[in-house]
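The values are calculated or read from the model by the stated rules, or taken from the named source; none is laboratory data. Keep in mind that this is a model prediction, so the values were computed, not measured. Because the Cβ atoms are built from the backbone with ideal geometry, glycine has one as well, and the counts that use them run over all protein chains shown. These accessible areas exclude ligands, DNA and RNA; they are computed on the full protein's heavy atoms, side chains included. Shrake-Rupley method; radii C 1.70, N 1.55, O 1.52, S 1.80 Å.
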Amino acid sequence: MIKIRDYQEGDAASVGRLIADTYSEFNLSFVPPTQLGLFLGPFRHARSEDLSHQQAIAGVIRSAMVFVAEDDGEIVGVLRGRQDRLASLFVRADHHRHGIGRRLVARFEPECLRRGSTVIRVAATLYGVPFYLAMGYKRSTGVRTGWSFDGNGLPVQPMRKKLQGG
Ligand SMILES: CC(C)(COP(=O)(O)OP(=O)(O)OC[C@H]1O[C@@H](n2cnc3c(N)ncnc32)[C@H](O)[C@@H]1OP(=O)(O)O)[C@@H](O)C(=O)NCCC(=O)NCCS
């Protein structure tokens with residue numbers, strides 16, 4: 001059974017692996033293997049036992065709001081953000097289209113409203129655009145190209161949603 005809960009620091013290693021794998025497969029497939037590490041930043045070390053690597057990963061996951069989806073004790077989804085910005089959202093490939101992304105967003109948005117924000121912005125990777133459209137987000141500009149850690153050239157679609165009640 002899927003449970004949505006607050007992230008804890010002890011989740012960092014499994015969240016790091018989830019992000020590394022999902023980001024590489026769905027968002028960074030255009031990047032040549034020799035450059036992938038630049039775009040993955042600290043997540044390129046998601047399977048390292050080195051404490052400094054693990055601390056760097058925990059550091060980039062940390063955010064004002066982080067929620068995870070857990071399936072029988074295994075982390076299968078993560079959403080990071082702050083009151084007016086959805087920073088990142090990943091669901092493990094074998095759990096796509098089961099409503100987990102929707103549930104993570106449904107946990108996040110009321111919390112943004114509660115913290116005083118009436119608009120949420122997201123720089124969506126192109127794979128995520130149909131999902132965000134289904135969640136009621138709208139394109140706010142054309143596609144832009146941005147940085148992902150030390151890698152430049154990631155196409156993103158800026159999107160926004162005005163929250164009900166805001
Ligand atoms: C985008 C992502 C988070 C969606 O998570 P998910 O749990 O599979 O999404 P849900 O099952 O909650 O989907 C809700 C609705 O969004 C739409 N949707 C989701 N994925 C879609 C896809 N690949 N293509 C078209 N529509 C999609 C559908 O309308 C879906 O409802 P339906 O399944 O009843 O048709 C997931 O595909 C993912 O992790 N992708 C890789 C990382 C990424 O691109 N993140 C977002 C950019 S920051």
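Numbers at a glance
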| read-out | value |
| --- | --- |
| Residue count for the range 113-126, restricted to those that are within 16 Å of the ligand (Cβ to nearest atom), open to solvent by 30 Å² or more (accessible area, probe 1.4 Å) and within 17 Å of SER63 (Cα to Cα) | 2 |
| Test: ARG97 is basic (Lys, Arg), open to solvent by 50 Å² or more (accessible area, probe 1.4 Å), assigned to a loop (DSSP other than H, G, I, E, B) and more than 8 Å from the ligand (Cβ to nearest atom) | no |
| Among the candidates GLY59, GLY37, residue that is more than 13 Å from the ligand (Cβ to nearest atom), in a helix (DSSP H, G or I) and open to solvent by 30 Å² or more (accessible area, probe 1.4 Å) | GLY59 |
| Members of the range 66-94 found to be within 10 Å of the ligand (Cβ to nearest atom) and within 14 Å of LYS162 (Cα to Cα), listed by number | LEU86 |
| GLN54 vs. criteria in contact with a Cys (Cβ under 9 Å, 6 or more places away or on another chain) and open to solvent by 40 Å² or more (accessible area, probe 1.4 Å) | no |
| Selection count where residues are assigned to a loop (DSSP other than H, G, I, E, B), within 11 Å of the ligand (Cβ to nearest atom) and open to solvent by 20 Å² or more (accessible area, probe 1.4 Å), scope the range 133-145 | 2 |
| Candidates GLN157, GLN83, GLN164, filtered to the one that is at pLDDT below 95 and either buried (at least 17 other Cβ atoms within 10 Å of the Cβ) or of a type in the set (S, T, N, Q) (or both) | GLN164 |
| Lone qualifier among PRO110, PRO130 - being open to solvent by 30 Å² or more (accessible area, probe 1.4 Å), in a helix (DSSP H, G or I), out of contact with any strand residue (DSSP E or B) (no Cβ under 8 Å at 6 or more places or on another chain) and away from the ligand (no atom under 12 Å from the Cβ) | PRO110 |
| Condition check for SER148: more than 10 Å from the ligand (Cβ to nearest atom), under 14 Å from the mean Cα position of the chain (by Cα) and either surrounded by 13 or more Cβ atoms within 10 Å (Cβ to Cβ) or aromatic (Phe, Trp, Tyr) (or both) | yes |
